[in-house]
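Reading through the structure tokens given below for one structure.
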Amino acid sequence: MTHATLPDTQPQPDKRSWWRRHQVAVSPWLFLAPGMIFFLVYVIVPIFQSFQISLLRWDGLGAPEYIGLRNYQELYYDDAFYTALRNNLLWLLLYLLAIPAGLFIALFLNQTVTGIRLYKSLFFFPFVISQVVVGLVFTWFYDPTFGLLNIILGWVGLGPVNVLGDPTYVTYGIIAAGLWPQTAYCMILYLTGLNGVNPEQIEAGRLDNAKGWKMLWYIIIPQLKPATFIAFVVTIIGALRSFDLISIMTNGGPFGESRVLSFYMFEVALSEYGFRMGYGAAIAVVLFLIMLCFIAYFLWSMYQEDKGR
């Protein structure tokens, strides 16, 4: 009596190479690896190096001396540091005006009217020019002798105002110069976001008699949350690291009243204050922690919102 041979049910070993078996899982990491390496080397490592240098007394050339938290203790009693911190908070508060301004300009430019391409070019122009050029333009604009601002004030019977030479107005004048290109950047973000607005929701809103502010607040703005998030993050970072406009327009003056933390860090580390790298690194650490708090808050808010969906 013969017995039928049962088929071999044992799994056959995969004879493909390791790369063939794991190609789908490994390929994305290979594409991400160069960017991750650059981010690690040029962002993450310098952050930890700044923490390390802030604990030293070092002129950048000689042997460093470990002094612990003395640089931070000196910051606590430094009036110039508090002036720079106050100006940074003022920058942060007023710079956020670029977000609603950019939104309303984007809403205007999103319409189909005659000459809209020309309008878009004019509003886009400040974004493509250098911050150095912006600083020079506004320096001439504020000039107390031949500046356009004082010419206009003269037309209405007001005396000349030296915006960049008056400690009361200088920070506001520089912030106004910074708002010009920053508003253009927010406008571009919102124009991109408006292209993704669902037209069916707008039509449904019109059927429910939603017009004007109601349409904007309840239908359009909720769909622009990704663009708003990016605008907030970029604007906050720009406000906290403002340096070039101050360097071009006032060089920290008058009497140091226009300093911000990034400019004060440059002064104490690389300027006439004596190459105090440790003290400058301590200022950089404080600036980084302030920036980290805002960015972490917005990331957590976005995470909670996505988690609740």
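Every number here is computed from the coordinates shown, using simple stated rules; none is lab data. Just so we're clear, the structure is a prediction, and the values are computed from it rather than from any experiment. Please note: Cβ atoms are built from the backbone with ideal geometry, for glycine as well, and neighbour counts cover all protein chains shown.
Could you work out the relative contact order of the chain, using alpha carbon pairs under 8 angstrom and six or more residues apart, expressed as a whole percent?
On the way: 308 pairs, mean separation 81.3, N = 309.
It comes to 26 percent, rounded to a whole number.
Dividing the alpha-carbon Rg of region 64-220 by 2.2 N^0.38 Å yields what? Intermediate values should be presented prior to the final figure.
On the way: Rg = 21.9 Å, N = 157, 2.2 N^0.38 = 15.0 Å.
Its radius of gyration relative to the 2.2 N^0.38 Å reference: 1.46.
Note on Met36, Met187: ascending count of other Cβ atoms within 10 Å places them as Met36, Met187, the fewest first.
In this structure the amide hydrogen of Arg57, modeled in the peptide plane, comes within under 5 Å of the amide hydrogens of Glu65, Tyr66, Ile67, none closer than 5 places in sequence on its chain. If a/c stays under 1.5 just call it rounded; otherwise compare a/b with b/c (prolate if a/b is bigger, oblate if not). Do that for region 6-109, with a ≥ b ≥ c from the square roots of the Cα gyration tensor eigenvalues. Cα axes put region 6-109 in the oblate bin.
Region 87-139 and region 153-221 have Cα centres spaced 8 Å apart. How big is the shadow of the Cα convex hull of the chain, averaged over all directions, in nm²? Its average projected convex-hull area is 32.3 nm².
Using the average count of surrounding beta-carbon atoms within 10 Å as a protection proxy, the listed peptides 125-136, 276-287 rank, highest first, as 276-287, 125-136.
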